[in-house]
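**Q** Have a look at this one before I ask anything.
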Amino acid sequence: MRTSQQIVDDYKDAIIQIATQTGTGTGFYLKQYNLIVTNYHVVDGNAEVTIAGKQFDKILSRVWYTDRKHDLAFLQPPAISLPEINLGEYQRLKDGDPVIAIGHPYGLNYTATQGVISKVDRVREGLKYIQIDAAINPGNSGGPLVNMSGEVIGVNTFVIRGGDNLGFALPENYLRTALQIYAPHIGKPSTRCHACEFLVLPENLDSGKYCPACGSEVKLPELPKEEYEPVGVAKTIENILKELGKDIKLAREGANMWSVKEGSAKIVIRYNPENYFIAGDAYLCLLPGDAIKIKSLYRFLLQENYRGDGLVLSCVNQNIVLSRIMYDLDLLQENGVRIFRNLFQKADSYDDVLKKEYGCQERIEE
């Protein structure tokens, strides 16, 4: 038996954050197969997603395998060395066993929640699931469920809304079978038929869209012939970011949300179509540990906020944040480039000044 902290430390470099145009989720790396495992619903409709981890910045990753019935998908890992984690054995599990669900819920990176197995073999839609009382929230989807020996015993899959910490994980035996079926074909786009569970590959796809074994319509994770193109305000924001030299595919972090770096500052742009506002938040450095320096820092922040250029410096927990809020109808590409460029340049500049002159600490990337 290991402690929860030891297990989390072992897993932190193997946990992968996943983002698409419509949402975010979690994955985990299995060295034995050199694949990232996640849920099908995390990547649904995408043949390419953005991934990031403790050991690497955001990159694009190819979706190689999809399995709608078991809610599984396998992705291409980064070309770096990542730690090895092992699969456990579902047959050894018992009701009441302690477990840890690891994931990336609500944007809080690498969060772990501990609980116990409520029922080992809860049947739902013809499949067995591990029912647990550890919280599985949006963003946890696709992360590993781990026993106290540090082994993966399931894939966190869904939660019953309104249920009090009522979460479900797909048992490792389903995952192990899927990995073994796909292992001889790594590097090929494939999908497992939801009707007969036959592995469909480009060379055996019938008439371009049917399973050769049972005739059910299936879809391989193939790259689209045309690039995804947003509309409305989202398109304007992406055009602005392109003009400022940012990689749009890497910037996307879910629906109406983008993240870019400028020097040492991280800038997150969010558009809320319900209240018509666009917010750009540049996360700078952390507050200094010296109380005297904090006092002079606060004075500096207040003085800077009187400059009247639309930018506001504030403190959010320990983070110093530079923000700009604008009404969506006021955002045109021409003035947007000027506004965003000013935010980006000031963010990088303020970050340097705050560290050098006020003893602020480097922000730790999660």
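The values are calculated or read from the model by the stated rules, or taken from the named source; none is laboratory data. Computed from a predicted structure; not experimentally measured. All Cβ positions, glycine included, derive from the backbone under ideal geometry; neighbour counts span all protein chains shown.
**Q** So if I check each of 188, 249, which one is in a loop (DSSP other than H, G, I, E, B) and among the basic types (Lys, Arg)?
**A** Details: 249 fails: in a loop (DSSP other than H, G, I, E, B).
Checking each option against the conditions leaves just 188.
Quick grid of which residues meet (1) modelled with pLDDT of 90 or more; (2) assigned by TED's automatic domain parsing to the domain that holds residue 349; (3) in a strand (DSSP E or B):
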| residue | (1), (2), (3) |
| --- | --- |
| 238 | yes, yes, no |
| 266 | no, yes, yes |
| 294 | no, yes, no |
| 322 | yes, yes, yes |
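**Q** Looking only at residues in the range 56-79 that are assigned to a strand (DSSP E or B) and charged (D, E, K, R), which one is farthest from the chain's Cα centre (by Cα)? Steps first, please.
**A** Looking only at the range 56-79, we keep the residues that are assigned to a strand (DSSP E or B), and these are 56-67, 72-75.
Next, from what is left, pick out any that are charged (D, E, K, R): 57-58, 62, 67.
Details: 57: 12, 58: 10, 62: 15, 67: 19 Å.
Only one residue tops the list, namely 67.
**Q** Of the residues that make up the range 281-293, is at least one under 30 Å from residue 22 (Cβ atoms) and hydrophobic (A, V, I, L, M, F, W, C)? Before you say what the answer is, go through the steps one by one.
**A** Start the filter on the range 281-293 by keeping residues that are under 30 Å from residue 22 (Cβ atoms), which leaves 281-284.
Okay, now just the ones that are also hydrophobic (A, V, I, L, M, F, W, C), so 282, 284.
Yes, there is a match, as at least one residue in the range 281-293 is under 30 Å from residue 22 (Cβ atoms) and hydrophobic (A, V, I, L, M, F, W, C).
**Q** Only one of 264, 216 is of a type in the set (Ser, Thr, Tyr), touching a residue at least 12 places away in the same chain (Cβ under 8 Å) and in contact with a His (Cβ under 9 Å, 6 or more places away or on another chain); which? Quick ask: steps written out before the conclusion?
**A** Working: 264 fails: in contact with a His (Cβ under 9 Å, 6 or more places away or on another chain).
None of the others qualify; the one that does is 216.
**Q** Another question, then. With (1) touching a residue at least 60 places away in the same chain (Cβ under 8 Å); (2) over 28 Å from residue 53 (Cβ atoms); (3) buried (at least 18 other Cβ atoms within 10 Å of the Cβ) as the list, and residue 341 as the residue in question, which single condition is left unmet?
**A** Here residue 341 clears every test but (3).
**Q** Every residue in the range 214-236 that is modelled with pLDDT under 85 and among the acidic types (Asp, Glu), please.
**A** Keep residues of the range 214-236 that are modelled with pLDDT under 85, which gives 224-229.
Hits for the range 214-236 are 226, 227, 229.
Per-residue answers, yes or no, for (1) part of a loop (DSSP other than H, G, I, E, B); (2) of a type in the set (Lys, Arg); (3) under 26 Å from residue 28 (Cα atoms); (4) under 25 Å from the mean Cα position of the chain (by Cα):
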residue: 149; (1), (2), (3), (4): yes, no, yes, no
residue: 154; (1), (2), (3), (4): no, no, yes, yes
residue: 157; (1), (2), (3), (4): no, no, yes, yes
residue: 170; (1), (2), (3), (4): no, no, yes, yes
residue: 179; (1), (2), (3), (4): no, no, yes, yes
residue: 183; (1), (2), (3), (4): no, no, yes, yes
residue: 195; (1), (2), (3), (4): yes, no, no, no
residue: 208; (1), (2), (3), (4): yes, no, no, no
residue: 213; (1), (2), (3), (4): yes, no, no, no
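**Q** Within the range 283-296, is even one residue closer than 30 Å to residue 46 by Cβ and either crowded, with 18+ Cβ neighbours inside 10 Å or not basic (Lys, Arg) (or both)?
**A** Kept after step one, since they are closer than 30 Å to residue 46 by Cβ, are these residues of the range 283-296: 283.
Remaining after also requiring either crowded, with 18+ Cβ neighbours inside 10 Å or not basic (Lys, Arg) (or both): 283.
There is at least one residue in the range 283-296 that is closer than 30 Å to residue 46 by Cβ and either crowded, with 18+ Cβ neighbours inside 10 Å or not basic (Lys, Arg) (or both).
**Q** Among (1) in contact with a Gly (Cβ under 6 Å, 6 or more places away or on another chain); (2) outside any loop (DSSP other than H, G, I, E, B), where does residue 254 come up short?
**A** For residue 254, the failing item is (2).
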